[in-house]
Amino acid sequence: MSVVLRPDHRTPIRPRSSPAVIKALAHRLTSRDRWMMRMVWHHRVLTTPQLTTLAFTSYNTAKDRLAILYELRALDRLRPWNAPWHYVLDAPGAEILAADNGLTLREFGFRSDRAQRPVKSSHLAHTLGVNQVFVDLYAHTRTPDHHAHLEWWTEGQCAWHYGDIVRPDAAGTWQVGTYYTSFFLEYDMGTERLRRLTAKLDSYSELAETTNVRGVVLFYLPSRRREAQLRRAIGSRPPVPVATAVHGAHPAYAVWARVDDPELRPRTLVDLVPKPAVEQPFLPDLPETEDG
């Protein structure tokens with residue numbers, strides 16, 4: 001079943017995409033605007049609260065700037081019932097990002113109907129849930145005292161690199177100071193059979209053996225009951241490191257428990273595996289702007 005969108009009779013009339021509109025938009029964009037556009041394209045859809053957390057310190061400032069980006073056609077937006085605005089990349093914005101990368105719009109891979117598809121999909125809640133994990137972790141890196149950095153691969157990037165073996169919802173490296181944990185994210189909505197979830201662990205083991213790509217498999221689950229059921233199904237000796245937590249828990253904090261730990265000691269993401277001190281790449285910092 002597709003998502004029912006809420007009609008908005010106050011939507012402003014926006015100009016048609018044209019070279020003049022694209023040129024005018026390019027002159028109005030700040031470095032933060034371009035960064036947000038890349039994040040929206042990268043993650044397919046982000047909501048007003050998510051973009052506020054990623055790029056602003058004030059919800060009202062975020063709401064006002066996003067409205068301007070919508071009117072300028074950097075971003076498009078749709079609104080499911082009883083939900084905030086959901087932002088996707090618009091055609092003029094895609095033209096600018098494509099040009100930034102020396103690509104044509106076709107090479108960039110943008111089509112307006114495809115850009116809106118995630119918001120209308122029955123998998124919207126899953127997409128937003130996965131994106132929220134990214135938002136929470138990246139927001140944690142914005143506080144200098146945390147000394148945290150994040151490298152993140154989306155589902156599409158994971159599928160491109162090793163989708164013939166396994167397709168996680170996301171993957172990444174979480175670094176705090178000089179220590180890090182590589183991970184694969186399995187964001188569970190409680191709809192898949194436990195047997196299918198546990199079978200994925202053999203695929204992750206195959207990935208490690210054939211490509212030497214390794215990491216902790218993180219099962220992020222909708223309830224404590226579901227978590228307990230999955231842990232019983234996996235057992236205490238999984239073929240790869242596995243940890244579980246429940247939706248709503250901040251993924252950077254001590255909310256993860258390894259399935260091979262009989263004491264179920266809560267651990268932070270960076271403390272899930274023994275690790276050497278190394279330097280890891282991470283997402284580019286959000287550009288500094290004059291309006292908070």
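Mind pulling the angle between the C-alpha long axis of helix 59-72 and the longest principal axis of the chain? Nearest 10 degrees, somewhere in 0 to 90.
50 degrees
Using a 10 Å Cβ count of at most 13 others and DSSP loop calls, identify the longest part of the chain lacking such GluC sites (Glu not before Pro).
The longest uninterrupted stretch comes out as 1-191.
What net charge is computed for the residues neighbouring Pro84, neighbours being all others with C-beta under 10 Å from the C-beta of Pro84, Lys and Arg scored +1, Asp and Glu -1?
+3
I'd like the distance between the alpha-carbon centres of the range 30-52 and the range 125-175, rounded to an integer number of Å.
The range 30-52 and the range 125-175 have Cα centres spaced 15 Å from each other.
So what does Arg28 come to for accessible area, using a 1.4 Å probe and Å² rounded to 10?
My reading of the accessible area for Arg28 is about 120 Å².
If the viscosity is 0.692 mPa s and the temperature 37 °C, what Stokes-Einstein diffusion coefficient in µm²/s follows for the range 124-271 when Rh is the Kirkwood radius over Cα pairs?
My calculation gives 212 µm²/s for D.
Any idea of the accessible area per residue across the range 15-114, 1.4 Å probe, to the nearest Å²?
I get 47 Å² per residue for this part.
How long are the semi-axes of the equivalent ellipsoid of the range 19-121, taking √(5λ) for every eigenvalue λ of the Cα gyration tensor, in whole Å from largest down?
After diagonalising the Cα gyration tensor, the semi-axes are 21, 16, 11 Å.
Round to the nearest 0.05 the FRET efficiency obtained for Ala20 and Arg142 when R0 = 41 Å and r is the Cβ-Cβ distance.
That pair, Ala20 with Arg142, gives E of 0.70.
Which percent of the accessible heavy-atom area of the range 19-121 goes to carbon and sulfur, probe 1.4 angstrom?
The nonpolar share, carbon plus sulfur, comes to 50 percent.
Using a Debye calculation, one point per C-alpha and no hydration shell, please list log10 I(q)/I(0) for the chain at q = 0.10, 0.16 Å⁻¹ in order.
Debye intensities relative to I(0), on a log10 scale: -0.59, -1.34.
The values are calculated or read from the model by the stated rules, or taken from the named source; none is laboratory data. All of these numbers come straight from a predicted model, not from anything done at the bench. Here Cβ is always computed from backbone atoms with ideal geometry, including for glycine, and neighbour counts include all displayed protein chains. When the accessible area is computed, the model is the full protein with side chains, heavy atoms only, and any ligands, DNA or RNA have been set aside. Shrake-Rupley method; radii C 1.70, N 1.55, O 1.52, S 1.80 Å.
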